[in-house]
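Encoded as structure tokens, the structure appears first; notes follow it.
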Amino acid sequence: MPRILIIGAGGQIGSELTNTLRKLHGQENVIASDIGYHNTYIVNSGIFEIVDAQDYDSIKTCIDKHQIDTVYLMAAMLSATGEKFPMKAWDLNINSLFHVLNLAKDGIIKQIFWPSSIAVFGPTTPVLNTPQHTVAEPTTVYGITKQVGERWCEYYHNKYGVDVRSLRYPGIISWKTMPGGGTTDYAVEIYHKAVIGKRYECFLSENTKLPMMFMDDAIEATVKLMQASSEAVKIRSSYNLAAISFTPKDISEAIQKHIPDFKITYKPDSRQEIANSWPQSIDDSSARMDWNWSHNFDVDKMTEEMITQLRNKYKDSTTTN
Ligand code: NAD
């Protein structure tokens, strides 16, 4: 069994990854960590440590204490927040990656998962079916950190044999934990508003098409990539990963099939500019070929699941309150 540390386990993806990895590898083999105690479910549902991803000693102490051999580095500052605090985004996203890469280079850990993003691409990238290898001139600080991070991952693999694996996640949609300051957050917020019977004012324009994915697919891809044989993982920068692409208008129409009264209005803000610089759809044939990736959720299946789960969640919170 691997001995796993998840850094940033209290976040949108880290929290669901923690659950899945605990089911897969045993509760005692998966240590959740974060900079704070904000995700009480994660804090209370297994072993939890405070770890600061920017502090090498903080990570190393936890690794030594729990005899960790595998690290999932999920802590990062996301695209929209990164534009407000560019230097903080750079420091967090890059320093944390170097700490973990160096721990692997020094033989202290054996395997790393580090997520990249479709934000590595920029306005000069082909927007449709964006290839694995293409022009990537990101215009956000977040995208720059992901692009630089990818280069370092590949470098550490080629130069020092570090087993680092990575996916360029699209926008991730989930119902358990709220998203953490990205440009695709609207696609989660919209479901919450719809289920509680409110109108949604969208911060992107109605025809802004972006690549997206339901959380269950993102977690499955992550687990699959980490379980693949070393020879199968041919790309050591980061794999393109895709499932669905849609606009705010598409998603509101999918919601209206279940909630006919749902209304959406549009008031684009600074996040529109970020969205305009990203691809609309992604070619992930390398992932599909190298380690048999395939997605499960289309827009309708995801919408049904989101609405069912959120209705239960809001019902439970009304009964407990
Ligand atoms: P999130 O913002 O929801 O969670 C990040 C977590 O990291 C938070 O719990 C936060 O407290 C923690 N954190 C922040 N600073 C820390 C520090 N110094 N030390 C330890 N923990 C710290 O992010 P997410 O959406 O779960 O994203 C996880 C990863 O996936 C990130 O690398 C992100 O760039 C990438 N990604 C996410 C999406 C998406 O749609 N959510 C899309 C593409 C890529």
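The values are calculated or read from the model by the stated rules, or taken from the named source; none is laboratory data. All of these numbers come straight from a predicted model, not from anything done at the bench. Here the Cβ positions follow ideal geometry from the backbone for every residue, glycine too, while neighbour counts run over all protein chains shown. Calculation scope for accessible area: heavy atoms of the full protein, side chains included, ligands and nucleic acids excluded. Shrake-Rupley method; radii C 1.70, N 1.55, O 1.52, S 1.80 Å.
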Restricted to region 24-40, and to residues that are open to solvent by 30 Å² or more (accessible area, probe 1.4 Å) and touching a residue at least 40 places away in the same chain (Cβ under 8 Å), which residue is nearest to Ile68 (Cα to Cα)?
-> Leu24
Scan region 88-141 for residues that are polar (S, T, N, Q), closer than 18 Å to Ile235 by Cα and free of Cβ contacts under 8 Å to residues at least 40 places away in the same chain and report the count.
-> 1
Output for region 161-181, where each listed residue is more than 11 Å from the ligand (Cβ to nearest atom), in a loop (DSSP other than H, G, I, E, B) and farther than 18 Å from Tyr41 by Cβ = Gly161, Val162
Which one is nearest to the chain's Cα centre (by Cα) among residues in region 1-18 that are within 15 Å of the ligand (Cβ to nearest atom) and either open to solvent by 10 Å² or more (accessible area, probe 1.4 Å) or on the phi > 0 side of the Ramachandran plot (or both)?
-> Ile13
State whether one or more residues within region 221-228 are touching a Pro at 6+ places or on another chain (Cβ under 9 Å) and either over 19 Å from Ala119 (Cβ atoms) or assigned to a loop (DSSP other than H, G, I, E, B) (or both).
-> yes
Subset of region 46-74 [free of Cβ contacts under 8 Å to residues at least 24 places away in the same chain, open to solvent by less than 60 Å² (accessible area, probe 1.4 Å) and not acidic (Asp, Glu)] | Ser58
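Whether any residue in region 45-61 is modelled with pLDDT under 95 and over 30 Å from Asp284 (Cβ atoms) is what I want to check.
Looking only at region 45-61, we keep the residues that are modelled with pLDDT under 95, and these are 45.
After this cut, where a residue has to be over 30 Å from Asp284 (Cβ atoms) as well, the list is 45.
Yes.
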For Ser252, which of the numbered conditions (1) more than 30 Å from Val162 (Cα to Cα); (2) open to solvent by 20 Å² or more (accessible area, probe 1.4 Å); (3) touching a residue at least 12 places away in the same chain (Cβ under 8 Å) fails to hold?
-> (2)
For Ile190, state whether it is within 15 Å of Gln256 (Cα to Cα) and touching a Pro at 6+ places or on another chain (Cβ under 8 Å).
-> yes
Here are some residues: Tyr186, Tyr266. Which one is of a type in the set (Ser, Thr, Tyr) and touching an Asp or Glu at 6+ places or on another chain (Cβ under 9 Å)?
-> Tyr266
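Can you work out which of the residues in region 128-143 that are among the hydroxyl-bearing types (Ser, Thr, Tyr) and in a loop (DSSP other than H, G, I, E, B) is most open to solvent (accessible area, probe 1.4 Å)?
Taking region 128-143 first, the residues among the hydroxyl-bearing types (Ser, Thr, Tyr) are 130, 134, 139-140, 142.
Applying the additional criterion that residues be in a loop (DSSP other than H, G, I, E, B) yields 134, 139-140.
Working: Thr134: 48, Thr139: 88, Thr140: 5 Å².
Of everything passing the filter in region 128-143, Thr139 is most open to solvent (accessible area, probe 1.4 Å).
What are the residues in region 182-215 that are part of a helix (DSSP H, G or I), closer than 24 Å to Gly143 by Cα and open to solvent by 10 Å² or more (accessible area, probe 1.4 Å), if any? Let's see the steps before the verdict.
Taking region 182-215 first, the residues part of a helix (DSSP H, G or I) are 186-195, 215.
Now drop any that are not closer than 24 Å to Gly143 by Cα, which leaves 186-189, 215.
Selection gives Glu189 alone.
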What is the one condition in (1) farther than 24 Å from Pro170 by Cα; (2) out of contact with any Pro (no Cβ under 8 Å at 6 or more places or on another chain) that Asn29 does not satisfy?
-> (2)
